[in-house]
Amino acid sequence: MIIINSKRELIDTLCRERERDCKVTLIPTMGNLHKGHLSLVDKSDDFPSKKIVSIFVNPLQFDDSNDYLSYPKSIKADLEALEKRKIDYVFVPTKEEMIENLIELDELPWGFTNLLCGAFRGKHFIGVQSIIKELFKVVDPDYAIFGEKDFQQYLLIKFIIERYFRNNNIQLILAPTIRMDNGLAFSSRNILLSQEQISHATRAFQSIKNTVIDYFLETGLFNFDNLIPRSGKVHYQYVKLYNEQYLYDKHGLDVNVKSNQKTFRLFIALVIDNVRLIDNYLVEGYDIS
Ligand code: AMP
């Protein structure tokens, strides 16, 4: 496994790999790797290619500098985990390397600034867009793997590919969310919580999910706000249920209208003691035909 810090070196290295007809898989992360990240790495085994994991805590996607500064880091353990999984290259750029001379485009479809995380996180998706575009420019991957846990981010990556890399043949792969036995999704931020707070978070996600999905499957209605179980320890930023076609449309993506079977997804963001956790769940079994 080779660790690369500069974009130039990465470009040159990948150029040599391509001369040998190798394909390239990119897995972008912000480090502090957990089982969710590593499942993306395992997924890359499905695609014979040179594997690159990037580790970069992107300052442009944080609107709160404390949140950025307190973002957990564990580079030594990350590199050990990746080495074990036979990753070919780890790209660990400095902040200057990634951000200097970066052109930040301010424009994104409505959903990225008005729906879900977009409504609460200021320029978050603009910041994600800038760095992912830069990574795609440098790596020009054949395969790019992202997690379903950040579904709105997945829509953004789809949008970036459609808007800027249409001719590059990047295959976007969505990997399922990995959760602990108790149902809580693995997240780099879990480490910032005590065991007691983890239990509160787990119960909160579980009870909202069960309540909202049961109500929706029973009635087909969206007026579930009053039913959401409240607990003083957990603050709910949003609990939203959307038809995926609506989401695709509002995020500037082509809508596939082939079937009557609508796919709904429940999105939850909650905050415990300034730590923000998100998750989303596919709602199965609802047919509006
Ligand atoms: P992050 O380091 O949080 O930027 O995440 C890097 C990638 O890992 C993103 O594509 C995330 O969607 C994905 N990811 C994060 N948590 C999980 C999880 N619990 N299960 C699957 N993928 C995840």
Single condition SER188 does not satisfy, out of (1) of a type in the set (Ser, Thr, Tyr); (2) under 27 Å from SER70 (Cα atoms); (3) open to solvent by 60 Å² or more (accessible area, probe 1.4 Å):
(3)
Give all pairs with beta carbons closer than 9 Å in which a residue from segment 98-112 that is under 28 Å from ILE11 (Cα atoms) meets a residue that is assigned to a helix (DSSP H, G or I) and β-branched (Val, Ile, Thr); count only pairs at least 6 apart in sequence or on separate chains.
MET98/ILE131; ILE99/ILE131; LEU102/ILE131; GLU104/ILE126; LEU105/ILE126; ASP106/ILE126; GLU107/ILE126; LEU108/ILE126
For segment 81-89, check the following and say yes or no: at least one residue is within 16 Å of the ligand (Cβ to nearest atom) and of a type in the set (Phe, Trp, Tyr).
no
Could you list all residues from segment 2-44 that are open to solvent by 40 Å² or more (accessible area, probe 1.4 Å) and at positive phi?
ASP21
Wholly within segment 1-75, strands (runs of 3 or more DSSP E) carrying at least 1 residues that are within 16 Å of the ligand (Cβ to nearest atom) and either under 23 Å from the mean Cα position of the chain (by Cα) or within 21 Å of ALA185 (Cβ to Cβ) (or both)
24-29, 50-55
ASP78 fails exactly one of (1) open to solvent by 30 Å² or more (accessible area, probe 1.4 Å); (2) part of a helix (DSSP H, G or I); (3) without any contact (Cβ under 8 Å) to a residue 60 or more places away in the chain, namely (1)
Looking only at residues in segment 173-185 that are open to solvent by 40 Å² or more (accessible area, probe 1.4 Å) and closer than 24 Å to GLY111 by Cα, which one is farthest from the ligand (Cβ to nearest atom)?
LEU174
Which one of these is farther than 30 Å from TYR248 by Cα, in a loop (DSSP other than H, G, I, E, B) and either hydrophobic (A, V, I, L, M, F, W, C) or touching a Leu at 6+ places or on another chain (Cβ under 6 Å) (or both): ILE87, ILE103?
ILE87
Can you confirm whether TYR71 is touching a Lys or Arg at 6+ places or on another chain (Cβ under 9 Å), in contact (Cβ under 8 Å) with a residue 40 or more places away in the chain, closer than 19 Å to TYR143 by Cα and surrounded by 12 or more Cβ atoms within 10 Å (Cβ to Cβ)?
no
Tally the residues that are within 16 Å of the ligand (Cβ to nearest atom) and either hydrophobic (A, V, I, L, M, F, W, C) or not in a loop (DSSP other than H, G, I, E, B) (or both), restricting the search to segment 131-171.
28
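The values are calculated or read from the model by the stated rules, or taken from the named source; none is laboratory data. Keep in mind that what you see is a predicted model, and the values were worked out from it rather than measured. Cβ coordinates were reconstructed from backbone atoms using ideal geometry, including for glycine residues, and neighbour counts include every protein chain displayed. These area figures cover heavy atoms from the full protein model, side chains too; ligands, DNA and RNA do not enter into them. Shrake-Rupley method; radii C 1.70, N 1.55, O 1.52, S 1.80 Å.
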